[in-house]
1. Would you check which residues across region A:82-93 are assigned to a helix (DSSP H, G or I) and surrounded by fewer than 24 Cβ atoms within 10 Å (Cβ to Cβ) and list them?
2. Between a first residue in region B:148-171 that is more than 26 Å from residue B:206 (Cβ to Cβ) and a second residue that is among the small types (Gly, Ala, Ser), which pairs have beta carbons less than 6 Å apart while being 6 or more apart in sequence or on different chains?
3. Report, by residue number, each residue of region A:243-274 that is within 13 Å of the chain's Cα centre (by Cα), in a helix (DSSP H, G or I) and within 11 Å of chain B (Cβ to nearest Cβ).
4. Return the residues of region A:110-132 that are more than 21 Å from the chain's Cα centre (by Cα) and at pLDDT 85 or above; say none if nothing qualifies.
5. Checking residue A:63 against (1) surrounded by fewer than 24 Cβ atoms within 10 Å (Cβ to Cβ); (2) of a type in the set (Gly, Ala, Ser); (3) closer than 22 Å to residue A:177 by Cβ; (4) at pLDDT below 90, which single condition isn't satisfied?
6. Kindly indicate which of A:34, A:84 is within 28 Å of residue A:245 (Cβ to Cβ) and of a type in the set (Phe, Trp, Tyr).
7. Residues in region B:257-291 that are more than 14 Å from residue B:242 (Cα to Cα), facing chain A (nearest Cβ under 10 Å) and modelled with pLDDT of 80 or more: how many?
Amino acid sequence: MNIQRKNDLMYLVLGLVIFGIVYGLMEGGMIGSFWKLNIIIICINIIMSASLNLINGYTGQFSLGHAGFMAVGCYVSVILTTNFHMPLIVGMLAGGAAAALLGCLIGLPTLRLNGDYLAIATLGLGEIIRIVIMNINYVGGAAGFTGIPHLTTFPWVFFTMLVTLFFIKNFVNSTHGRACIAIRENEIAAGAMGINTTKYKVMAFTIGAAFAGVAGALFAHCFYIINPSSFTFMASFNYLIMVVLGGLGSLTGSVAGAFVVTALSAALASWPEFRMIIYALALILLMFYRPQGLFGYVELTAFKPFRFLDRTKGGRE
Amino acid sequence: MRSRLAMGVIFMDFGSHLIQQLINGISLGSVYALIALGYTMVYGIIKLINFAHGDIYMVGAYVGFFAITVAHMGIFPALIVSMVVTGLLGMVVERLAYKPLRHAPRISVLITAIGVSFFLEYGSMYFVSPTPRTFPRVFETEGLTIAGFTVNGQQLLIFAITLVLMVLLTYIVQYTKIGKAMRAVSFDTETAQLMGIDANRVISVTFGIGSALAAAGGVLVGVYYNSIDPLMGIMPGLKAFVAAVLGGIGIIPGAMAGGLILGIIEALVSGFISSTFRDAAAFAILILVLLFKPSGLFGKNTQEKV
């Protein structure tokens, strides 16, 4: 068994232990229904932030339309499960595939843009997706889609999240992932080294969109009703904030960012009038004192107590 | 014969509808142009998409509202008070939130701008309550009728004030010392500093002027639509950014033209297709512009250097 596989196994064991503890607490009635829902939302947000991190953090392409892909996955899956009575897994795969297809179609022309222009173009596309959904009567238009079966359970979201994290971790460590990181560091130099920059940018964008679609499918089946106003550019900002808060280019950071943001907004739910003010101030102060995010480019394994998880290098300097 | 007559009537109907929509479009577009100017000036100088600019516009509308209702001012004093107060607010925001990050990565400043935007939105929700307020009818709505088309009083007010402010801005940017300094800093900040220009002061003044223009837009929208609320700045802010990109970001005449074009297109889409597609039209224009001429209508193509 090689070292890479041993590492993956370690992570898997860690994941199963966390799952066991949280699931045990849930089944034992130690966690109320409010926090139960929030734990599910945290897992969905981890999928969203990890997939956005692949685009923004690892490939360096600034996307502000991630909620749009989530919306596509969400609506495609609810049509399949509600109107055609398919199981959740079919909805998730179809939602992911639809979002990936759209991501690829959108990515091909827009990824020629760079920096701020790409950010604004993706923001506009995300809004267009939302407005188009709002005008389709088949899915309920602006009023929303009702009667969705409540299929999302904690095991479903947790294991989908694990698959997402493993996929992105291994993608980043592969040849393709290294090419993406090279593009982030310097696109012109990467091109000069023979990397097909367009291909890898579109690849990262498509994979990110696919996971956003899967997350959207899971999100839809947490509630009985879903409407387009959950997918405004504000939602995209929210995922971006999770990624930046955790650290661009750190998967551990994405997990931490999604956890902190979701848990914070849930904890402040009793003071709705202060919630967003505190959130805004926290964001500004974080950018002042720790602009690289909580984890920067560093993964969990760089810290001493967690070094045993990564035998390949024995911790980074 | 009769069908030809009917066609003629339909055509005339279409024509007058078109001109009426054009008038509505120009008044909406003037407001977009006023907001877009702030975006474009700030972007031209520090390359920041100031996401909080739409909320500055909202604050401007509220200052105008309180100047009229609480201090019982007329529309023109209220407009000036709102511009001054909001201009100062813009400078304070720049000083507190953006200046410490002058040499930070661009994304940190962008996230800070999003933070400031949330802060202004929800801070004003806390102070002035989230319910929409009815803007008092301060300007008599006696319209002007030219050849069967009515331009109402508020629209005239919007045209006149926008025109005055744009002439004033052009004068400041082209013929005064501070305007010259602004152009120099926007062209090359470091060289401008070596020539003895205080870049921090210029940036501060730019934020002040941009915010004052947005405040004027806010008050005018209050007068036009009669309703203001703490989240009113989000959509117009984004649209104004689209207008700035359309005209070529960083270029002042571009923002004016971009705002007007966007307003007219929106009015035509909501008048002839469906008002639900109004917002989609704005973003579709944005994407087309970005794909085919990313430097905007008035921009020059610049070669990227290694």
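1. A:82, A:83, A:88, A:89, A:90, A:93
2. B:150/B:143; B:151/B:143; B:152/B:143; B:153/B:143; B:155/B:27
3. Those that are within 13 Å of the chain's Cα centre (by Cα), in a helix (DSSP H, G or I) and within 11 Å of chain B (Cβ to nearest Cβ): A:243, A:244.
4. A:131, A:132
5. Looking at each condition in turn, residue A:63 falls short on (1).
6. Within the list A:34, A:84, the selection yields A:34.
7. Count: 1.
Residue by residue, here is whether (1) without any contact (Cβ under 8 Å) to a residue 12 or more places away in the chain; (2) buried (at least 24 other Cβ atoms within 10 Å of the Cβ); (3) in contact with a helix residue (DSSP H, G or I) (Cβ under 8 Å, 6 or more places away or on another chain) holds:
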{"site": "B:241", "(1), (2), (3)": "no, yes, yes"}
{"site": "B:271", "(1), (2), (3)": "no, no, yes"}
{"site": "B:291", "(1), (2), (3)": "yes, no, yes"}
{"site": "B:294", "(1), (2), (3)": "yes, no, yes"}
{"site": "B:299", "(1), (2), (3)": "no, no, yes"}
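The values are calculated or read from the model by the stated rules, or taken from the named source; none is laboratory data. Remember, it's a predicted structure, so these values are computed and weren't measured experimentally. Positions of Cβ are backbone-derived with ideal geometry, glycine not excepted, and every protein chain shown enters the neighbour counts.
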